[in-house]
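Worksheet for the structure shown next.
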Amino acid sequence: MFSYDSKINDFMIDALDIQVTKVERSKIHDVDFNNLPFGKYFTDHMLEADYANGEWERAEIKPFQPMLLEPSLAVLHYGQAIFEVIKAYRSSNGNAYIFRPYDNFKRFNISADRMQMPAVPEEIFIEGMRRLIEVDQSWIPKKEDYSLYIRPLMFATDTAIGVKPSETYKFLILLSPTGPYYAAPMRIYVEEKYTRAAPGGVGFAKNAGNYGGSLKAATDAKERGYDQVLWTDAFEHKWLQEVGTMNVFFIFGNKAVTPSLEEGTILEGVTRDSAITVLKEMGLTVEERKINIDEVIEGYKNGSLTELFGTGTAATISPIKELRYKDFEMHFDTAKWKISPTLKKNLTDIREGRKEDKYGWLVKV
Ligand code: COI
């Protein structure tokens, strides 16, 4: 994982030549900050930058607005589109902080490389994001578990439909004040029909198609009364990968196990990495390795599997109260859990400034 120490985080790139056009009237008063469904509302402004002739043109902050697109736009046909997920918080000291944006910046450009798209420079991604949040900082929610969700994205903008990497791209950053993603513990079933990712594929990249491709399985899960699926490998449908759009952790007493990244089928989650660090600090042993459903079932039967949860930017730490494999149901009393609630609290306390930011995870707006 990419990491910066807090001294580096204090350093701000000041060379970004960026034009800022502000809205005439803010729409902030039209939004009920006590009721913020995930991803429904967007702030007054957005950042936009275009890539052409082998370079990024000047980035611009402008009023959030619709875009006029050609029907022949390359992304609409062949899906060269990637995105990131980051959050900003209002700290107890009154300042606004972005959580680990350099890690998302690094991952964004790894996704770009896999999808044959150009890298976005740090001054546009990080400094552009910081400047945009500065402009819209009154939109950062103050309530616990609420945050300003940051959505950088890039897509192909050539207006020709030959199958080849586009020569032009658009990069945008949108901001959305948001509440919790999953309000309650999840019911999950182990997916054996559909596959999210296979070795050599794009499972490690945050490309739009991975999410589009997951919707059929998610819809089937909902029809069967579950919130999401636990993805398994493409060959045996036994080796566990991710839960819905999140990384997954299993707690066996004082040991945490999470699927390893080597095969390239799993997203290298920033919350996953933060959870590993904080779990170790809490005294747990953390194993990043292959784990299959038989080990989970055995742990359930002999009582050694005590907790299981998803980790992601949107949902942070999301407990799983029921897991179903074929006809076998595993039920968990999440109210009795100790480790995942402590992990969630520790992470929230770091993000919101109540606990020391030892690892330099917070970048001041
Ligand atoms: C995340 O939280 O990491 C996600 O990717 C979820 C988002 C696609 C809603």
All-pairs alpha carbon distance profile, the range 191-349, 5 Å steps from 0, percent
2, 9, 19, 24, 22, 15, 8, 2, 0
Residues of the chain: accessible area per residue at 1.4 Å, in Å²?
45
Cα-only Rg/Rh for the range 8-144 with Kirkwood Rh rounds to 0.96
How far apart, in nm, are the 7 Å Cα→Cβ label points at F235 and D294?
1.5
Quick check: net charge around V190, other residues with Cβ under 10 Å of its Cβ, Lys/Arg +1 and Asp/Glu -1?
+1
Tell me, what % of the accessible area of the range 14-93 is carbon and sulfur with a 1.4 angstrom probe?
48
Convex hull of the range 311-365 built on C-alpha atoms - directionally averaged projected area, nm²
5.3
For the chain, the longest principal axis of the Cα atoms and the Cα long axis of helix 101-114 enclose an angle in degrees, to the nearest 10, of 90
With springs connecting C-alpha atoms under 10 Å apart, model the chain as a Gaussian network and identify which of N104, N292, N302 has the largest mean-square fluctuation.
N302
Based on alpha-carbon positions alone, could you give the equivalent ellipsoid semi-axes of the range 133-245 from the gyration tensor, as √(5λ), descending, whole Å?
29, 26, 11
Can you report the principal axis dimensions of the range 265-356 using only the alpha carbons, biggest first, rounded to whole angstrom?
44, 32, 25
Explain nothing, just compute: Karplus ³J(HN,Hα) = 6.51 cos²θ - 1.76 cosθ + 1.60, θ = phi - 60°, for every residue of the range 278-292 in order, whole Hz, x for Gly and Pro.
6, 4, 5, 4, 7, x, 8, 8, 10, 10, 9, 7, 6, 9, 10
Quick one: Karplus J couplings for the range 26-42, per residue in order, coefficients 6.51, -1.76, 1.60, θ = phi - 60°, nearest Hz, x for Gly and Pro?
6, 9, 4, 6, 7, 10, 8, 6, 8, 9, 10, x, 4, x, 8, 10, 10
Pull out the extension gain between Q116 and K143, defined as 0.36 nm times the separation in residues minus the alpha carbon to alpha carbon distance; nm, one decimal.
5.7 nm
Diffusion coefficient, µm² s⁻¹, Stokes-Einstein with Kirkwood Rh over alpha-carbon pairs of the chain at 4 °C and 1.567 mPa s:
60
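The values are calculated or read from the model by the stated rules, or taken from the named source; none is laboratory data. Nothing here was measured: the structure is a model prediction, and the numbers come from that model. Here Cβ is always computed from backbone atoms with ideal geometry, including for glycine, and neighbour counts include all displayed protein chains. When the accessible area is computed, the model is the full protein with side chains, heavy atoms only, and any ligands, DNA or RNA have been set aside. Shrake-Rupley method; radii C 1.70, N 1.55, O 1.52, S 1.80 Å.
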